[in-house]
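This report concerns only the one structure given below.
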Amino acid sequence: STPAVSPQVGSHRDISHESLSLFRLLEPQIEILVLGTGDRVERLHPTTLKQMRECGIAVEVQDTANACATFNFLMNERRVVAAGLIPP
């Protein structure tokens, strides 16, 4: 069988409710999604963030270097976390 492929994300402008759908399907459900938006922090559409919160998932948006550090910290705290990272 062919694995499901999430829509391609090339920049923060491609991050949408649809492109984040994979993170809503994970079991156990994640508490926090850390998004790294490249060289700098980029603003995401408020509706996208609201839709994720309504699914019970907090979203933390940072530049990718800090997003990696935050992800590692949350993992060490044994939080249920995932990361979506755009290379700097």
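The values are calculated or read from the model by the stated rules, or taken from the named source; none is laboratory data. A quick note: this is a predicted structure, and the numbers were derived from the prediction, not measured. Cβ sites come from the backbone with ideal geometry, for glycine too, and all protein chains shown count toward neighbours. Note: areas computed on protein heavy atoms with side chains; ligands, DNA, RNA excluded. Shrake-Rupley method; radii C 1.70, N 1.55, O 1.52, S 1.80 Å.
Some points to look at:
- Qualifying residue in the range 77-85 (condition: in contact (Cβ under 8 Å) with a residue 12 or more places away in the chain and farther than 18 Å from Leu22 by Cβ): yes
- Within the set Leu74, Leu35, Leu26, Leu22, the sole residue that is in contact (Cβ under 8 Å) with a residue 24 or more places away in the chain, open to solvent by 30 Å² or more (accessible area, probe 1.4 Å) and of a type in the set (A, V, I, L, M) turns out to be Leu26.
- Filtered by the rule that a residue be within 12 Å of the chain's Cα centre (by Cα) and outside any helix (DSSP H, G or I), the range 64-88 gives Val81, Ala82, Ala83, Gly84, Leu85, Ile86.
- Some residue of the range 38-56 being in contact (Cβ under 8 Å) with a residue 24 or more places away in the chain, in contact with an Asp or Glu (Cβ under 9 Å, 6 or more places away or on another chain) and not in a loop (DSSP other than H, G, I, E, B): no
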